[in-house]
Amino acid sequence: MGEPGGAPVNLAALNDLTTTQGIIALAAGGVALIALILAIVLAFKLRSLRRSQATVLGDRGRDLVAHSAELDQAFVSLREYVEEALSRLEQRSQTADQRIDRSIAYHALVRYDAYGEMSGAQSSSIAMLDTHRSGIVLSSIMHRDQARVYVKEVREGQSSIELSPEEQQAINEALSGGRQADAA
């Protein structure tokens, strides 16, 4: 047997692994075997990764990038919802603050004897004011055979109707901390 060029082929040299060609063949075979083992290991790792990805992403056939984009969009939507809810909550808080400002913040009661009859301090004046020092002064004047009730509006600590000394005292005490004192 010979090559087309006419030189005879030495079969013993092909079977000899100590030649340069044999050593290169052995090295190539070793590299191929390592590559095959590495490919098998990577195939098992890829299979395990795909199983884990299917657990996270579901069996809908989408990839990790699409899933990440969906999560990003979901977080954007959630943030918009939270910001909108916070805005509504701030509006409600402001409304509640305004309502609280109009509620009774200062109050005081002054009891006194309106007619000096020595019947005890049966008459009273109560001031009920909001944070703007506006509200009412309610006076109940008691006499042996009659009772009278007066209500006067107060705006910013002042009344458009003249106040009795006891009514003014009730306003002053309410604005100074609501101390209750009996006038004699």
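The values are calculated or read from the model by the stated rules, or taken from the named source; none is laboratory data. Since the structure is predicted, the reported quantities are computational estimates derived from the model, not experimental observations. For neighbour counting, all protein chains shown are included, and Cβ atoms are generated from backbone atoms with ideal geometry for every residue, glycine included. Remember, those area values only see protein heavy atoms, side chains included, never the ligands or the DNA or RNA. Shrake-Rupley method; radii C 1.70, N 1.55, O 1.52, S 1.80 Å.
Points 7 angstrom from Cα along the Cβ direction at Asp113 and Glu84: gap in nanometres?
Placing both labels 7 Å along Cα→Cβ, they lie 6.9 nm apart.
Amide H to amide H under 5 Å from Ala105: which residues, 5+ apart in sequence or cross-chain, H placed 1.01 Å off N in plane?
Result for Ala105 returns Leu129, Asp130, Thr131.
Can you pull the percent of the range 79-177's accessible area that's carbon plus sulfur, 1.4 Å probe, other chains left in place?
49 percent
Using 0.36 nm per residue of separation minus the Cα-Cα distance, give me the extension gain between Thr20 and Ser134 in nm, one decimal.
30.1 nm is the gain from fully extending Thr20 to Ser134.
Taking Cα centroids, how far is the range 124-152 from the range 53-115 in Å?
The range 124-152 and the range 53-115 have Cα centres spaced 42 Å from each other.
Would you mind checking the range 13-56 for residues with the amide N under 13 Å from a putative spin-label position 7 Å along Cα→C-beta of Leu64?
Once the point is set 7 Å along Cα→Cβ of Leu64, 46-56 turn out to lie under 13 Å by backbone N, inside the range 13-56.
Tell me, what is the FRET efficiency for Ala121 and Gln91 to the nearest 0.05, using R0 = 41 angstrom and their Cβ-Cβ distance as r?
The value I calculate is 0.30.
With label points built 7 Å along Cα→Cβ from the Cα atoms of Leu175 and Glu153, find their separation and express it in nm.
Spacing of the two 7 Å Cα→Cβ label points: 1.8 nm.
Accessible area per residue, 1.4 Å probe, Å², for the range 49-184: what's the number?
73 Å²
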